[in-house]
Amino acid sequence: MGTRTQDRWLEEIIQLAREGHQLLIVHGAGSLITDALARRQAQTVFIDGQRVTTPEVMEDVIREMRGTANLEVVSLCRRVGLSAVGLSGADGGFFDAAPLSLSQQLGLVGQVGTVHSALVTALWDLAMIPVVAPLAPAVGSGKILNINGDWAASGLAQQLDADVLLYYTDTGGVRMDADDAATLLTNLAESKADALIAAGRISRGMIPKVRAALAASNKGVGWVGIGSWYHPEMTTQVVGGKEM
Ligand SMILES: Nc1ncnc2c1ncn2[C@@H]1O[C@H](COP(=O)(O)OP(=O)(O)O)[C@@H](O)[C@H]1O
Ligand SMILES: [Mg+2]
């Protein structure tokens, strides 16, 4: 996000916070982690848009995700007078990580397990915004697992009974042709998503976003959208009941 985009996005968040909505922000740290790996000549490997997380990669993931990225989002909020609190799944026992069927290939990667909403409810009562770094202790072993940010947002939205789940991305949503902005789709049924993924038209980082979005929609999250960093006004429009 450039500075101007950040400011416009924050304005949306400020407006919703003023209206008393219970907001929760989930972020990733994709490019920060990839840069950190490159600095020490380690390879970045993705399978269907999810990062393969070896124990060595995990050191960078923890530092960039819970450290750099999380503090940056919290500080951004702070700069405009919003009080935000950074947390991972470990903090206040918020949520744990359950194994994934792909765990063997992906390494230290999990999915959102059980969510305990006490901490976020308390933060909302204090008019504070939880900012979530998608890392959580595995059920049983307590070992920290990396959770894809798109899947984390979906899992938390499902279990916190969210009314709205919004993803922001650089391409402004799902396109029929990833390289052609004119082919942006305004809605997407699961059968069509499956076909586009099978045909390779939805690829890389858009795969977990689409799958996680559909999972949330199927599990009762009322309005799920994938939109653009560059048009953050969708945020207040959607929450205000005016669809994009
Ligand atoms: N059909 C598609 N429509 C839009 N983007 C797509 C599509 N297929 C693949 N992509 C890729 O998905 C990327 C978004 O996912 P990702 O790189 O993980 O970003 P982030 O999760 O940070 O928003 C886009 O930059 C684009 O390169
Ligand atoms: Mg991504």
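Testing Glu64 on (1) open to solvent by less than 50 Å² (accessible area, probe 1.4 Å); (2) more than 16 Å from ligand 1 (Cβ to nearest atom); (3) part of a helix (DSSP H, G or I), one condition comes back false. Which one is that?
Glu64 satisfies all of (1) open to solvent by less than 50 Å² (accessible area, probe 1.4 Å); (2) more than 16 Å from ligand 1 (Cβ to nearest atom); (3) part of a helix (DSSP H, G or I) except (2).
For segment 110-123, does any single residue satisfy the condition of being within 15 Å of ligand 1 (Cβ to nearest atom) and hydroxyl-bearing (Ser, Thr, Tyr)?
Filtering segment 110-123 for residues within 15 Å of ligand 1 (Cβ to nearest atom) gives none.
Among the residues of segment 110-123, not one is within 15 Å of ligand 1 (Cβ to nearest atom) and hydroxyl-bearing (Ser, Thr, Tyr), which makes the answer no.
I'm trying to understand the selection: among the residues of segment 200-244, which are more than 10 Å from ligand 1 (Cβ to nearest atom), of a type in the set (Gly, Ala, Ser), open to solvent by 30 Å² or more (accessible area, probe 1.4 Å) and farther than 21 Å from Gln111 by Cα?
Gly222, Gly240, Gly241
Please return the ranges of helices (runs of 4 or more DSSP H) entirely within segment 72-172 where 2 or more residues are within 16 Å of ligand 2 (Cβ to nearest atom).
149-159
Residues to consider are Thr44, Thr5; find the one that is of a type in the set (Val, Ile, Thr) and in contact (Cβ under 8 Å) with a residue 60 or more places away in the chain. Full working, then the answer.
Working: Thr44 fails: in contact (Cβ under 8 Å) with a residue 60 or more places away in the chain.
Of Thr44, Thr5, the one residue that is of a type in the set (Val, Ile, Thr) and in contact (Cβ under 8 Å) with a residue 60 or more places away in the chain is Thr5.
Can you name the residue in segment 6-36 that is in a helix (DSSP H, G or I) and of a type in the set (D, E, K, R) and is also least open to solvent (accessible area, probe 1.4 Å) among such residues? Please lay out each step first, then the result.
Step one: list which residues in segment 6-36 are in a helix (DSSP H, G or I), which gives 6-18, 30-36.
Adding the requirement that they be of a type in the set (D, E, K, R) leaves 7-8, 11-12, 18, 35.
Working: Asp7: 61, Arg8: 73, Glu11: 114, Glu12: 22, Arg18: 193, Asp35: 84 Å².
This residue is Glu12.
Within segment 163-185, is there a residue that is open to solvent by less than 60 Å² (accessible area, probe 1.4 Å), over 29 Å from Arg4 (Cβ atoms) and modelled with pLDDT of 95 or more?
No, every residue in segment 163-185 fails to be open to solvent by less than 60 Å² (accessible area, probe 1.4 Å), over 29 Å from Arg4 (Cβ atoms) and modelled with pLDDT of 95 or more.
Considering only segment 163-199, how many residues are without any contact (Cβ under 8 Å) to a residue 40 or more places away in the chain, small (Gly, Ala, Ser) and touching a helix residue (DSSP H, G or I) at 6+ places or on another chain (Cβ under 8 Å)?
Total satisfying the criteria: 2.
Name, by its number, the condition in (1) within 11 Å of ligand 1 (Cβ to nearest atom); (2) in a loop (DSSP other than H, G, I, E, B); (3) over 26 Å from Glu64 (Cα atoms) that does not hold for Ala193.
Failed condition: (2).
The values are calculated or read from the model by the stated rules, or taken from the named source; none is laboratory data. Computed from a predicted structure; not experimentally measured. Methodologically, a virtual Cβ is constructed for each residue, glycine included, from the backbone with ideal geometry; neighbour enumeration extends over all protein chains shown. Accessible surface is based on the protein model in full, side chains and every heavy atom, while ligands, DNA and RNA are left aside. Shrake-Rupley method; radii C 1.70, N 1.55, O 1.52, S 1.80 Å.
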